[in-house]
């Protein structure tokens, strides 16, 4: 080989090695980016608002579920500081949101999902929907109430149950459900609110209006949310959530093998998060130890028996839980 050809080949070899090292380094860098991106896609944040309420967030979307924050003091109940409550409410009083408290907790929302229209699920939604501009998914009753409060029609998704909607960054299946069996199983509310409804509403005017569950697919997670302590077996069979937000108030004891059937129907979820166990008639910050002892404690034991591979995650008011697969 001539000297000139040797030098040229040497340069090409050196260039090839440099290119190869550059490609290896680039691959490592991009692999790192992909790993970080995979972690971020997999990560899901859920902040418990009490009752059946949540802030659910990933890097793209903020979804509120039953965001009841005002936590009014209704009638008799646990003693609380006069500084923490403006007055004692009755069910015949007109509802007023605690806007200062809401503003300190809620800054944004893309969508709001409402399980049913009782005041401990819906009553703060009119203010939050106006504040954030969020779109609201709920029953005809929910939408009539929100329309009475001035929420524009283009922000309201009326549902009947069975819908499975794809949005830009998540999808949600609307699962027909049943309200808790209250008053020793005598509860049933078939009332319908009129189109002529006017706001503000009394607390007693926030009627059920039909009940739903929601099956959310978000950030590689599947979340099944409950708004009360009841379900329709055929509607949840086969959904396979990895996160189940299960209602655990006393009324679950009115349902045949509630926890055992719920775990089996949802294929023994990876995480089970108890909801609707707290006393929502007292402000944030007050002890919920009695509710934890009497409601959550027995439920944890039921899950251990029915679904020993599931992990029960007990939420604390306003504290974030991060879920990663």
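Some points to look at:
- Filter result for the condition that a residue is surrounded by 15 or more Cβ atoms within 10 Å (Cβ to Cβ), touching a strand residue (DSSP E or B) at 6+ places or on another chain (Cβ under 8 Å) and more than 25 Å from residue 280 (Cα to Cα), over 156, 113, 122: 156
- Residue within the range 58-72 that is farther than 29 Å from residue 219 by Cα, in contact (Cβ under 8 Å) with a residue 40 or more places away in the chain, assigned to a helix (DSSP H, G or I) and assigned by TED's automatic domain parsing to the domain that holds residue 165 present: no
- When restricted to residues that are closer than 18 Å to residue 233 by Cβ and more than 20 Å from the chain's Cα centre (by Cα), the range 243-258 contains 7.
- Test: residue in the range 282-290 that is farther than 14 Å from residue 248 by Cα, in contact with a strand residue (DSSP E or B) (Cβ under 9 Å, 6 or more places away or on another chain), outside any loop (DSSP other than H, G, I, E, B) and free of Cβ contacts under 8 Å to residues at least 60 places away in the same chain: no
- Selected residue [surrounded by fewer than 14 Cβ atoms within 10 Å (Cβ to Cβ), at pLDDT below 80 and outside any helix (DSSP H, G or I)] from 91, 76: 76
The values are calculated or read from the model by the stated rules, or taken from the named source; none is laboratory data. None of these values were measured; they are calculated from a predicted model. In this analysis, Cβ positions are derived from the backbone assuming ideal geometry, glycine residues included, and neighbour counts consider all displayed protein chains.
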